[in-house]
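Comments concern the structure below.
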Amino acid sequence: CDWRDGRVVASIVNNGKRNDLMMRLDIVSGAQQISFLPDILTLRKSVWPAFIRVPDEKITQFYTLFPDFQFSLFEDKKLVAIFNTLPLFFNQALTALPDTGVSWAIETALTTKTKFNNLLCATSMTVSPDFRNQGISKLFLNHAKTIGKERGLSHIVAAVRPNLKCAYPLIPIEEYLT
């Protein structure tokens, strides 16, 4: 999956033959996303279970404080995916990142004001079910890496959750991982 002339090209192999599927997708970042924040929040609620979803108030702060690090993907004028990232400053080895993961990243980004960020943290990626398995995650990650490099950020980290954890919301993560 990659960009060609403003379109996403996904290669599909069927019976040994490769076909390129062209979709008209546009990545939007920056302050103009505030105008479709209700659609962003609705998509997040339709995909993320409540027990793990970042609260709407914090997501709104992401778009207000760090609009250039929030990415929305549209097919024509329909919102199909969003990717939330936050710039941070971290002056230790990446192995020393706090165990609280994305919670630490969100609180640090929202409460610490610095012009010397060196790390981009991917906090969540939300893809509409109809658009999954089409390479959108890879597209977003590559776009975020490009933006991070342009802004002088030397690392990108992502908080990930185990597959199927949402099917077991009452089991603590520590127990689920064992």
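The values are calculated or read from the model by the stated rules, or taken from the named source; none is laboratory data. As the structure is a computational prediction, the values presented were derived from the model and not from experiment. Here the Cβ is made from the backbone with ideal geometry for all residues, glycine too, and neighbour counts use every protein chain on show. Keep in mind that these areas ignore ligands, DNA and RNA; they rest on the heavy atoms of the full protein, side chains included. Shrake-Rupley method; radii C 1.70, N 1.55, O 1.52, S 1.80 Å.
Give me the pairs, please: first residue somewhere in the stretch 60-80 and free of Cβ contacts under 8 Å to residues at least 40 places away in the same chain and under 18 Å from Thr112 (Cβ atoms), second residue anywhere and of a type in the set (Ser, Thr, Tyr) and in a helix (DSSP H, G or I), beta-carbon distance under 9 Å, and either six or more positions apart or on two chains.
none
Consider the stretch 33-54. How many of its residues are assigned to a loop (DSSP other than H, G, I, E, B) and more than 15 Å from the chain's Cα centre (by Cα)? Can you show your working first?
Just the residues of the stretch 33-54 that are assigned to a loop (DSSP other than H, G, I, E, B), to begin with: 48-54.
After this cut, where a residue has to be more than 15 Å from the chain's Cα centre (by Cα) as well, the list is 49-51.
Summing the residues that are assigned to a loop (DSSP other than H, G, I, E, B) and more than 15 Å from the chain's Cα centre (by Cα) in the stretch 33-54 gives 3.
Among the residues of the stretch 147-167, what is the count of those that are modelled with pLDDT of 90 or more and surrounded by fewer than 12 Cβ atoms within 10 Å (Cβ to Cβ)?
3
Would you confirm whether or not the stretch 106-126 contains a residue that is open to solvent by 20 Å² or more (accessible area, probe 1.4 Å), among the acidic types (Asp, Glu), modelled with pLDDT under 90 and not in a strand (DSSP E or B)?
No.
Scan the stretch 61-74 for residues that are open to solvent by 10 Å² or more (accessible area, probe 1.4 Å) and not in a strand (DSSP E or B) and jot them down. Before you say what the answer is, go through the steps one by one.
Let us first name the residues in the stretch 61-74 that are open to solvent by 10 Å² or more (accessible area, probe 1.4 Å), namely 61, 64-69, 74.
Hits for the stretch 61-74 are Gln61, Thr64, Leu65, Phe66, Pro67, Asp68, Phe69.
Hey, any hits in the stretch 129-145 for a residue that's closer than 17 Å to Asp68 by Cα, aliphatic (A, V, I, L, M), within 11 Å of the chain's Cα centre (by Cα) and assigned to a strand (DSSP E or B)?
The answer is no, given that none of the residues of the stretch 129-145 is closer than 17 Å to Asp68 by Cα, aliphatic (A, V, I, L, M), within 11 Å of the chain's Cα centre (by Cα) and assigned to a strand (DSSP E or B).
Quick test of your reading of the structure: Asn133 fulfils all but one of (1) out of contact with any helix residue (DSSP H, G or I) (no Cβ under 9 Å at 6 or more places or on another chain); (2) touching a residue at least 12 places away in the same chain (Cβ under 8 Å). Name the failing condition by number.
(2)
With respect to the numbered conditions (1) open to solvent by 70 Å² or more (accessible area, probe 1.4 Å); (2) out of contact with any Lys or Arg (no Cβ under 9 Å at 6 or more places or on another chain); (3) at pLDDT 90 or above, which one is the sole condition not fulfilled by Arg132?
So Arg132 meets the others, but not (3).
Answer yes or no: is there a residue in the stretch 75-88 that is over 24 Å from Cys166 (Cβ atoms), open to solvent by 30 Å² or more (accessible area, probe 1.4 Å), touching a strand residue (DSSP E or B) at 6+ places or on another chain (Cβ under 9 Å) and assigned to a helix (DSSP H, G or I).
The answer is no; no qualifying residue exists.
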